[in-house]
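Student: There's a structure below that I have some questions on.
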Amino acid sequence: MPGIVLSSDLASQQEALVSLYETASQGVVSLDIDSPIGLRHGAGFVIDDAGHIVTNQHVVDRARGIEVVFHNGDRATAVVLGTDVDSDLAVLKVDSPPEQLVPLVFGDSEQVRVGQLVIAIGNPFGLEGSMSTGVVSNLARTLPGLNSAQLNEENIFAVGDLIQTDAAINPGNSGGPLLNMYGEVIGVNRAIRTLYYNQDNQALSSGVGFAISANVVQRIVPSLIEKGYYEYPFMGMTSLTDLTLAIAEGSGLQHTRGAYVRQVLSDGPAEQAGLAEGDLITRVNGKDISTSTELAAYLLSHTSPGDVLKLTVLRADQQLEIELTLGARPAAAP
């Protein structure tokens, strides 16, 4: 009968979630941060048996001391090896024996699909080892970076390729993993969008959360471990998030699918390559680009400073093929 089948499916799903939590939570850590404004809480997770832990940059920002609390209650002091304000990632290091460390495995975030079941494990409001469940709500979202080096008065660097989820994320979840049903890390929980705040002015979950995709994390983290920072590719232009029909028609364009060049910065890679305001970038290295968000995600996931991009560009009624050599993104202002 349908009721029996449904009950069996729910029981199987419940057992899967219990097993997943019991395994994955061993690699998740709680972070107690001593800061100038008092004790803060966050989350992170172990990535190898050398003692490297991934978390958010904003979690450890201005930290005077960091204690890591493992799943079994053991504690260790951590040092910050490297941070990146744009992606909001940080790598910590603890000197703990390998048997105490349970590394989590990364999945391929390019295989993530909307509707996929996910779980988040973290330390919301200091409640260690809490799990929440949900689905992937959308992909390739963009949020402003924390880098204060400005392109102009209105624009700061954006970071793309974020996973949107409705799994509950609250203060203290930051830096914890977003996992698929195989127990693989597909993202690092970073931020939420909400209109709700508690009495301490902490943002509360409204079902719209964002996680840094695993492929971006795997690209940035090795550099943070090796050099303490990550160098981003830089095109030297700004683009519109939404290209309306009115703007397209004003530029003589017949299409609205692509990354619309809003501004070309003086003496940057875009200007040197011959890009102009009002151009529409529709392909990069043979990949179709539908929005500026897709362009940002592609650059972040697949390119480095010095790489040459082959761009297909619409300029009014002309199609151009332009080569652009990527520069390095300017550093954050002090």
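Student: State all residues of region 317-327 that are part of a loop (DSSP other than H, G, I, E, B) and touching a helix residue (DSSP H, G or I) at 6+ places or on another chain (Cβ under 7 Å); if no residue qualifies, say none.
Tutor: Of everything in region 317-327, just one residue is part of a loop (DSSP other than H, G, I, E, B) and touching a helix residue (DSSP H, G or I) at 6+ places or on another chain (Cβ under 7 Å), namely Leu326.
Student: Quick check, is Val118 in contact (Cβ under 8 Å) with a residue 40 or more places away in the chain, touching a strand residue (DSSP E or B) at 6+ places or on another chain (Cβ under 9 Å) and either crowded, with 21+ Cβ neighbours inside 10 Å or among the polar types (S, T, N, Q) (or both)?
Tutor: Yes, satisfied.
Student: Looking at region 1-86, what strands (runs of 3 or more DSSP E) fall wholly within it and have at least 2 residues that are in contact (Cβ under 8 Å) with a residue 12 or more places away in the chain and in contact with an Asp or Glu (Cβ under 6 Å, 6 or more places away or on another chain)?
Tutor: 28-35, 65-69
Student: Within region 225-316, which helices (runs of 4 or more DSSP H) (wholly inside it) include 2 or more residues that are at pLDDT 95 or above?
Tutor: In region 225-316, the matching helices (runs of 4 or more DSSP H) lie at 269-273.
Student: Here is a further query. Would you please name the residue that is nearest to Leu300 (Cα to Cα), looking only at residues in region 39-86 that are crowded, with 22+ Cβ neighbours inside 10 Å and among the hydroxyl-bearing types (Ser, Thr, Tyr)?
Tutor: Only one residue tops the list, namely Thr83.
Student: If you don't mind, another one. When you check Gly42 against the structure, is it out of contact with any strand residue (DSSP E or B) (no Cβ under 9 Å at 6 or more places or on another chain) and small (Gly, Ala, Ser), yes or no?
Tutor: No, not satisfied.
Student: Of all residues in region 87-98, count the ones that are surrounded by 13 or more Cβ atoms within 10 Å (Cβ to Cβ) and not in a loop (DSSP other than H, G, I, E, B).
Tutor: Summing the residues that are surrounded by 13 or more Cβ atoms within 10 Å (Cβ to Cβ) and not in a loop (DSSP other than H, G, I, E, B) in region 87-98 gives 6.
Student: Quick check, is Pro330 under 23 Å from the mean Cα position of the chain (by Cα), part of a loop (DSSP other than H, G, I, E, B), modelled with pLDDT under 90 and within 26 Å of Gln218 (Cα to Cα)?
Tutor: yes
Student: Among (1) surrounded by 17 or more Cβ atoms within 10 Å (Cβ to Cβ); (2) among the acidic types (Asp, Glu); (3) within 17 Å of Tyr232 (Cβ to Cβ), which single condition is Asp279 missing?
Tutor: The one condition Asp279 does not meet is (3).
The values are calculated or read from the model by the stated rules, or taken from the named source; none is laboratory data. Bear in mind the structure is a predicted one, so any value in this text is a computation, not a measurement. All Cβ positions, glycine included, derive from the backbone under ideal geometry; neighbour counts span all protein chains shown.
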